[in-house]
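The numbers here are math on the coordinates, done by the rules we state, and not lab data. Small disclaimer: the values here were computed from a predicted structure and weren't measured. All Cβ positions, glycine included, derive from the backbone under ideal geometry; neighbour counts span all protein chains shown.
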Ligand SMILES: [Zn+2]
């Protein structure tokens, strides 16, 4: 017997639908497989530590685990709240930031950590 599918009415539901089930930063299909879906996040465009709210629809975006990790606490619009009007500008700024960090390996702690652990695990080529 299968469980009934309950449609979530949360901020997550609204944002996930608006973002068409894709990571807003890299475009990855978050419904690609169960693992991808399970590791996706509802990212705070403006991080909570800069005043970004949990329940503001435009402050929440669908993001894959990798982009969310790379973005970290980057604030795309310093001193400005994310609203319907500033939404696409904020997404674009965060996209650029993530893209830059992905390209610039030495500045990306994510890449440094990966290389470190490859070495530690004896898997370096
Ligand atoms: Zn992504």
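Rank by packing, highest mean first: peptides 62-71, 27-36, with packing defined as the count of other Cβ atoms within 10 Å averaged across residues. Write out the running numbers ahead of the final one.
Details: 62-71: 21.5, 27-36: 13.1.
So the order, starting with the most tightly packed, is 62-71, 27-36.
Averaging sequence separations of C-alpha pairs under 8 Å and six or more residues apart, then dividing by the length of the chain, give the relative contact order as a whole percent.
Values: 149 pairs, mean separation 26.5, N = 125.
Computed value for the chain: 21 percent relative contact order.
Could I get the Rg over Rh figure for the stretch 12-125? Both from C-alpha atoms, Rh via Kirkwood, rounded to two places. Mind dumping the intermediate values first?
Working: Rg = 15.1 Å, Rh = 14.9 Å.
Using only Cα positions, Rg/Rh for the stretch 12-125 is 1.02.
According to the square roots a ≥ b ≥ c of the eigenvalues of the Cα gyration tensor, what is the shape class of the stretch 1-72, taking rounded for a/c under 1.5, prolate for a/b larger than b/c otherwise, and oblate for the remainder?
Details: a/c = 2.16, a/b = 1.35, b/c = 1.60.
Oblate.
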